[in-house]
Structure formats: structure tokens, C-alpha cells
Amino acid sequence: MAKILLIDDDPDILMACRMTLEGVGHQVIEAQSGTEGIQMIRSQRPDLVILDVMMETHTEGFQLAIKLHNPDPASEFAEFKNLPILMLTAIHTTIPLKFEPDIDYLPVELFVDKPIEPDDLIGKVDWILSREKAR
């Protein structure tokens, strides 16, 4: 099974996702901010990141995804440019704009609204991980 990093400032979301993912055998690690998330990515080398958008700032998750998937080979995050990201957020309940994955603007594999049903989360995680295996 996979090592999955959850990055979210909501302890209830972290607990619910952890219980769901560990229940099917994944190893789950957590961070409560983008800064802590970067440290965990560097030290723990997860197979997948599940990332919130709105944490310390309203765009922290967007900024982290863009840093990690920066195409510049000289980027300090170049080794993580292929790390899959599932964006799990409630941003669509707070602003009228709709976001979706975009290679240039929002470099993530999936953009999913909170709340998410446990079976749906497992299905989306499995889909991303199976795509990564096929690469």
C-alpha cells in the first residue's frame, strides 16, 4: 500500500481521512500547514499528497502545488515535480469561482470538494495511485 501525506489545518478532516485510508492499509502521515508539508515531503517521501487549499492563507495549497510541480529543472522542488496531488478542499463553498486541474495553473491530479464520502476518497486515491504505477 502507499504512503500518503495529508496536509490540512482541520484536525477533524485529518482524522477522518486517516481512519479511512488506514482502514484499507495505507500508511498515513500528516501536516497542518504548507511549510510543515514541505518538511514532511522531503523527509518522508510520500507516494501521494492530499492537500487542502485554504490553510494559513486562502491560497496556501495552490501555492504549494505550484512549487512542487514547477517544471524548472533548477527548482529546489524539481525532484517532486511528479508527486501526485489530490486537492481536497471546501473553497467552492466560499467563493463563486470553480477550480479544476490544469497543467499550468493548478498542477494537481484531482480537485475534490469537501466533504467527501469515505468510499469516494478511497476510489479517487486508488485511481491516482494506479495511474502512477502505469507510468
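The values are calculated or read from the model by the stated rules, or taken from the named source; none is laboratory data. The model shown is predicted, which means the values in this text are computed figures rather than measured ones. So basically every Cβ, Gly included, is an ideal-geometry build from the backbone, and we count neighbours across all protein chains shown. Areas reflect the complete protein model, heavy atoms only, side chains present, ligands, DNA and RNA absent. Shrake-Rupley method; radii C 1.70, N 1.55, O 1.52, S 1.80 Å.
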Added length on full extension, which subtracts the Cα-Cα distance from 0.36 nm per residue, I122 to I29: 31.9 nm
Heavy-atom SASA rank of K133, K81 (probe 1.4 Å, accessible area, largest first): K133, K81
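Taking the solvent-accessible surface of protein heavy atoms with a 1.4 Å probe, what is the per residue accessible area of the chain in Å²? All intermediate terms of the calculation are to be shown ahead of the outcome.
Values: 7330 Å² over 135 residues.
Ligands and nucleic acids excluded, the result is 54 Å² per residue.
First select every other residue whose beta carbon is under 15 angstrom from the beta carbon of M40; then total the charges, Lys and Arg +1, Asp and Glu -1.
Working: positive: K3, R18, R42, R45, K67; negative: D8, D9, E30, E36, D47, D52, E60, E79.
Here the charged neighbours net out to -3.
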Distance in nm between pseudo-label sites at K3 and R42 (7 Å out along the Cβ direction from Cα): 1.6
Table column - 3J(HN,Hα) (Hz), the range 14-25, Karplus curve with 6.51, -1.76, 1.60, x for Gly and Pro: 4, 5, 4, 5, 4, 4, 5, 6, 5, x, 10, x
³J(HN,Hα) computed for each position of the range 46-54 - Karplus, 6.51 cos²θ - 1.76 cosθ + 1.60, integer Hz, glycine/proline x: x, 8, 7, 10, 9, 10, 7, 8, 8
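What are the GluC sites (Glu not before Pro) within the range 1-41 that DSSP puts in a loop, where the Cβ has at most 11 other Cβ atoms within 10 Å? Show your work: numbers first, answer last.
Details: sites: E22, E30, E36; in loops: none.
The qualifying sites: there are none.
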Between the range 38-60 and the range 3-33, the Cα center-to-center distance that results, in Å: 11
Under 10 Å, Cβ to Cβ, from L51 - net charge with Lys/Arg +1 and Asp/Glu -1: -3
